[in-house]
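What follows is a short report on a single structure.
The values are calculated or read from the model by the stated rules, or taken from the named source; none is laboratory data. All figures in this text were calculated on a predicted structure; none of them were measured in a lab. Every residue, glycine as well, gets a Cβ built from its backbone with ideal geometry; the counts of neighbours run over all protein chains shown.
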Amino acid sequence: MGARIGRGMPGARVSRRGLLLGGVAGWALALAGCAPARTRDLALACGEPGGAYLQFGELLADALAARAGAALDLHVTHGSAENLEMLASGEADLGLSLADTANETAASHDLAAIGRVYQNYLQCLVLATSDIASIADLAGRRVSIGAPGSGSSRTTRRLLEAALPAAGGTAPQATELELAAALRALAEGGIDALFWSGGIPTPEITAAASAHPVRVIDLGDAVAPLRAAHPREYLDARIPAGVYGTTRTTATVGISNLLMCRADLARDAARALVDVLVGDATRLVPTGSVGLQYLALDTLIDTGDVPLHPAAMERYREHYR
């Protein structure tokens, strides 16, 4: 599965993921105001290099180290589905996931949420010179729908299944590529379009677009059939003009992101994470991000069908007082 990136403590290094140790020792000492103790690292399953999940994980690790003297081991993965698999198997303590993917998995694998953190934007990109102008034009075309095991892949499949029949189109030739590979394939003509679910702007796309200009396809017509097929999981969203060099605001699909955990996550760890989300919100927003953030008390707790970890709910209530 994912590669491990030590984070939040001195001497961090990149290595393959090792066996995780049991128990979270030392959280109570750190939270009680004693000198920061070296705790067993929590493993956080993130996402692809260049994506918002890994960016958020790095910021969360830094904030948690500063506030609680605890470290996060960040794991590079393909995204939501793989992250939830790692949680269910015990290979990770925490994981980031799109809400639609989490809704299908949480109840059957005894998972919970620490909070709703920010909104992902489903982005459909083509080269600026492409003749593709709408989702209907994707019929029969070569399209990357996201990395294998990613929430992007799952959301895109749902969107195409719901929207293309309504538009009178046939299915595209779908393939699953990681973002870096998809951007290369788009530039080289190996695919006609790519889908990516992430924050805006995504730095890796911004960098690629500087060499090979892109357009963002309007997905506004797909939102209604997608929401009809999957109620309460998707939102109307807008990608502002200027993102990736575009000249107009583009309608798309918004999906909430959840910071997930195992239901048996230590109480003190869950409370410490809530303190970081509430108290260090401004430190958790990537530089240059223009996407919607949910790092406020009234929106952090809105995790939909996924229950909050009991200790997280307890701590949110204390912050409300």
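Quick look at the values:
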{"quantity": "Qualifying residue in the range 87-104 (condition: touching a Ser or Thr at 6+ places or on another chain (Cβ under 8 Å) and surrounded by fewer than 20 Cβ atoms within 10 Å (Cβ to Cβ))", "calculated": "yes"}
{"quantity": "Test set (1) touching a strand residue (DSSP E or B) at 6+ places or on another chain (Cβ under 6 Å); (2) of a type outside the set (S, T, Y); (3) surrounded by 16 or more Cβ atoms within 10 Å (Cβ to Cβ) - R227 fails condition number", "calculated": "(1)"}
{"quantity": "The lone exception for W196 - which of (1) farther than 20 Å from D137 by Cβ; (2) at pLDDT 95 or above; (3) crowded, with 20+ Cβ neighbours inside 10 Å it fails", "calculated": "(1)"}
{"quantity": "Tally, over the range 115-137, of residues that are outside any loop (DSSP other than H, G, I, E, B), modelled with pLDDT of 95 or more and more than 16 Å from N257 (Cβ to Cβ)", "calculated": "4"}
{"quantity": "Sole residue being closer than 30 Å to G190 by Cβ and assigned by TED's automatic domain parsing to the domain that holds Y53, chosen from T129, T101, T105", "calculated": "T101"}
{"quantity": "All positions within the range 85-100 that are hydrophobic (A, V, I, L, M, F, W, C) and under 22 Å from G291 (Cβ atoms)", "calculated": "L94, L96, L98, A99"}
{"quantity": "Residues of the range 163-175 satisfying the condition of being modelled with pLDDT under 90 and among the aliphatic types (A, V, I, L, M)", "calculated": "A163, L164, A166, A167, A171"}
{"quantity": "Hits in the range 201-253 - residues which are among the aliphatic types (A, V, I, L, M) and not in a helix (DSSP H, G or I)", "calculated": "V214, V216, I217, L219, L235, A237, I239, A241, A251, V253"}
{"quantity": "Failed item, numbered, when T129 is tested on (1) under 23 Å from V76 (Cβ atoms); (2) surrounded by fewer than 22 Cβ atoms within 10 Å (Cβ to Cβ)", "calculated": "(1)"}
{"quantity": "Filter result for the condition that a residue is more than 29 Å from D302 (Cβ to Cβ), in contact with a helix residue (DSSP H, G or I) (Cβ under 8 Å, 6 or more places away or on another chain) and buried (at least 21 other Cβ atoms within 10 Å of the Cβ), over A222, A208", "calculated": "A208"}
{"quantity": "Subset of the range 54-72 that is within 17 Å of the chain's Cα centre (by Cα) and not aliphatic (A, V, I, L, M) - its residue that is surrounded by the most Cβ atoms within 10 Å (Cβ to Cβ)", "calculated": "G57"}
{"quantity": "Flag for A81 being at pLDDT below 95 and assigned to a loop (DSSP other than H, G, I, E, B)", "calculated": "no"}
{"quantity": "Filter result for V290 (in a loop (DSSP other than H, G, I, E, B) and under 30 Å from D192 (Cα atoms))", "calculated": "yes"}
{"quantity": "The range 262-300 - residue that is under 14 Å from the mean Cα position of the chain (by Cα) and not small (G, A, S) and, of those, modelled with the highest pLDDT", "calculated": "L284"}
